[in-house]
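**Student:** Please find one structure pasted underneath; my questions will follow.
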Amino acid sequence: MTEAAATAAANAVREDRLWARHMDMAAIGATGDGGVNRQSLTPTEAEAWALLARWAAARGYAVAADAVGNLFVRREGTDPQARPVLTGSHVDTQPTGGRFDGIYGVLAGFEVLEALDDAGIRTRRPIEVVSWTNEEGNRFQPGALGSAVFAGVFPLADMLAVRDADGVSVADAIADVRRRTPVPSRGTPGFPVDGYVEAHIEQGPRLEAAGRTIGVVTGVQGHRRYAVEVLGEEAHSAATPRRARKDALIAACAMVTDLAAALADEADTIRLTIGRFRVEPDAPGVVPARVWFTVNLNHPDDTVLVDCVRRLEAIVEARKGPCTASVTYMTGRAPVAFAPRVMDRIRGHASALGLASMDMLSHAGHDAMHIARVCPTGMIFVPCLKGISHNPAESATPADLAAGARVLAATLVEMADAD
Ligand SMILES: [Zn+2]
C-alpha cells in the first residue's frame, strides 16, 4: 500500500508547477541580473512568507512560525497525534545569490504536499514544510541559526539577542517580519519530529560530471577554523640587518608554504584555506611586527581534522624563527553522518523511479546537519549547472528539480506511513 502511494505521489509531482513557483519566488528580491538577494528576516523575506502563506491557504494547509522565525506549512495526517515528518530548507540567500539555493528545498517540499492532494493520498503522519531562519549566515551570525535553535544547539535567548551590522537584533527583525506577514505562533522552537529530509541543489559539479540526477547525501563534512598570530618586532627596513630582524611576515609565509605542502593529501579530501591574512603595521618601510591569519580546515573525518590541527601546531612552532607564535581555535563543527535508513529510502526510490543516483558527502553546511541531532535525517541533492552557487548564474533544469521532488515525495510518503 505504502509502495503504491509512494509511486503515486512521485508521479503526481508537476514539473511545470514546481518551476513556475521557483520563478515566482525569484521575483522576490530579484537583483536584475538573474540573481536574488533575499536576506533573512527582512521585508523581502516577509514577502516570501506571504506568497508561501497564500499558496498554503489555497490548499487549506496551516501556516505558523516559531519564536526564532522558522516558518512551518502543515498538511495533516490521518493520525494528528503522530509526530510529523519534516522537509524544507531556507528562503534566505547570499547578497549575490541565485534562484535555487535554499528555496528549492522549500518549494520541492510544498510540491510534495500538493502532489499528495492531487493524488488523493492521506499519510498517517502529518508532513510539514519548513523554512529555517538565517541559513546563509550573511545578515546574522551564526548561519543555520533557526535550525540550530530548533535542535537545541544554541539557546533561543542567545540567538534572539544576536545583532546584524546595523545593530538590529534577531528578535526585533522577527517582530518586523511578523507585523508585515502575520502568521499564528508555533511557540518555543523544537517539537518532536519523526524524520527530516532536505532537498537542495548540489552547489558542486560532481553530479553533473558523473551524469547522475540524484545525490544521496551521506553526511556533512566537518569544519575547524583557527587563527594564527605571529609576533615579531617593528624595525627600519633599510637599516636593520637580517640577523637582527624579527620579521613576522617571513615566518608566517614559511608556515603557510609548509602547511599547504603538508596537507596536500593524495586523495584531495582535505580542504585547507588561508582566507584572511593581515600584516601590521602594513607599511612598506617597516619590518612587519605582527601577522594574523585564519586557517580553515574541512574534512568528513574528525580524526583527520584533529591530525591536521596537530600538524598546523607543529609547523607554526617549527617555522616561527625569532618570532613568537600562537594557534587559537575560532569556530568549527563536527562532521555529521546521516541516517542509513533514510539514505536507503532515497536510494531505493531513485532507483524505482529510474533515476541514476550516487552517494555523496556534502562539502557545505546545511540545516540538516543540526536536525540530524534530533531525528533520522537525510538530504537529496540535484545537479546545478557547472556547480555554480552563491552566484546570480546559479542554474538548475526544471527536469532535475522535478526529479528530486519525485524522490522526495516517495521518501516522505514512506516515512510518514512507516511504523
Ligand atoms: Zn542552502
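What follows is calculated from the coordinates using simple rules that are stated; it is not laboratory data. All figures in this text were calculated on a predicted structure; none of them were measured in a lab. With ideal geometry, Cβ positions are generated from the backbone for all residues, glycine too; neighbour counts draw on all protein chains shown.
**Student:** Under 8 Å for C-alpha pairs, at least 6 residues apart: give me the relative contact order for region 14-135, rounded to a whole percent.
**Tutor:** 34 percent
**Student:** Measuring from label point to label point, each 7 Å out along Cα→Cβ, what is the residue 209 to residue 328 span in nm?
**Tutor:** Here the modelled spin labels are 3.7 nm apart.
**Student:** Also: What is the fewest-to-most order of 384, 375, 323 by other Cβ atoms lying within 10 Å of their Cβ?
**Tutor:** 375, 323, 384
**Student:** For region 384-397, just list the computed ³J(HN,Hα) in residue order, Karplus coefficients 6.51, -1.76 and 1.60, θ = phi - 60°, integers in Hz, with x standing in for Gly and Pro.
**Tutor:** So the J values, rounded to whole Hz, are 10, 3, 6, x, 6, 8, 6, 7, x, 7, 3, 8, 9, 8.
**Student:** List 395, 40 from most exposed to least, where exposure is judged by having the fewest other Cβ atoms within 10 Å.
**Tutor:** 395, 40
**Student:** Which whole-angstrom value gives the distance between the alpha carbon centres of region 137-202 and region 233-281?
**Tutor:** Spelled out, the Cα-based centre of one part sits 39 Å from the other.
**Student:** Would you mind getting me the FRET efficiency between residue 243 and residue 165? Use the beta-carbon distance for r and R0 = 51 Å, nearest 0.05.
**Tutor:** The pair residue 243/residue 165 has a calculated efficiency of 0.65.
**Student:** What FRET efficiency do you get for residue 267 and residue 418 if R0 is 25 Å and r is their Cβ-Cβ distance, rounded to the nearest 0.05?
**Tutor:** Taking R0 as 25 Å, the efficiency between residue 267 and residue 418 is 0.10.
**Student:** Measuring from centroid to centroid over Cα atoms, what is the spacing of region 209-229 and region 329-352 in Å?
**Tutor:** Answer, in whole Å: 11.
**Student:** Apply the Kirkwood formula to region 222-333: the hydrodynamic radius equals the inverse of the mean of 1/r over all pairs of different alpha-carbon atoms; give it in Å with one decimal.
**Tutor:** Hydrodynamic radius (Kirkwood, Cα only) of region 222-333 equals 14.6 Å.
**Student:** Additional query: Roughly what angle does helix 2-12 make with the longest principal axis of the chain, taking Cα atoms, 0 to 90 degrees, to the nearest 10?
**Tutor:** Value to nearest ten degrees: 80.
**Student:** Between residue 58 and residue 313, what is the spin-label point distance in nm, taking each point 7 Å from the Cα along the Cα→C-beta axis?
**Tutor:** 5.9 nm
**Student:** Right, here's the next one. Any idea what the relative contact order of the chain is, in percent, if you count C-alpha pairs under 8 Å spaced at least 6 apart?
**Tutor:** 25 percent
**Student:** Also, I was wondering about something else. Could you please state, rounded to a whole Å, how far the C-alpha centre of region 75-108 is from the C-alpha centre of region 8-35?
**Tutor:** Value for the Cα centre distance between the two parts: 13 Å.
**Student:** Compute the distance in nm between two label points, each set 7 Å from the Cα along the Cα-to-Cβ direction, one at residue 386 and one at residue 176.
**Tutor:** 3.5 nm
**Student:** Something else: With angles folded into 0 to 90 degrees, how steeply does helix 170-180 sit against the dominant principal axis of the chain? Use alpha carbons for both and round to 10.
**Tutor:** It works out to around 30 degrees.
**Student:** Okay, moving on. Hey, what did region 222-333 get for relative contact order, percent, Cα under 8 Å, at least 6 apart?
**Tutor:** It rounds to 47 percent for region 222-333.
**Student:** Output the antiparallel fraction of DSSP beta bridges having both residues in the chain, as a percent to the nearest 5.
**Tutor:** Antiparallel bridges: around 65 percent, rounded to the nearest 5.
**Student:** Sticking with this one: Taking +1 at the Cβ of each Lys and Arg and -1 at the Cβ of each Asp and Glu, which of 409, 216, 150 sits farthest along the dipole of the chain towards its positive end, judged by Cα position relative to the Cα centre?
**Tutor:** 150
**Student:** Angle check, please: helix 103-119 long axis (alpha carbons) against the longest principal axis of the chain (alpha carbons), in degrees 0 to 90, nearest 10.
**Tutor:** Once rounded, the angle reads 10 degrees.
**Student:** Same structure again: Can you put 270, 371 in order, fewest other beta carbons within 10 Å first?
**Tutor:** Taking fewest neighbouring Cβ atoms as first place, the list is 270, 371.
**Student:** Which value results when the Cα radius of gyration for region 315-419 is divided by 2.2 N^0.38 Å?
**Tutor:** Normalised by 2.2 N^0.38 Å, the Cα Rg of region 315-419 equals 1.54.
**Student:** Here is a further query. Across the Cα atoms of the chain, what radius of gyration and what greatest pairwise Cα-Cα distance (Dmax) are found, in Å?
**Tutor:** So, for the chain, Rg and Dmax equal 23.9, 86 Å respectively.
**Student:** For region 353-395, place one equal point scatterer on every Cα, skip the solvent, and apply the Debye formula. What is log10 of I(q)/I(0) at q = 0.14 Å⁻¹?
**Tutor:** Each listed q maps to, in turn, -0.47.
**Student:** Can you give the charge dipole size of region 222-333 about its Cα centre, rounded to the nearest 20 debye, using +1 on the beta carbon of Lys and Arg and -1 on the beta carbon of Asp and Glu?
**Tutor:** Using Cβ point charges on Lys, Arg, Asp and Glu, region 222-333 gives about 300 debye.
**Student:** Same structure again: How much net charge surrounds residue 367 when only other residues with a Cβ under 10 Å from its Cβ are counted (Lys, Arg +1; Asp, Glu -1)?
**Tutor:** Within the 10 Å Cβ shell, the charges total -2.
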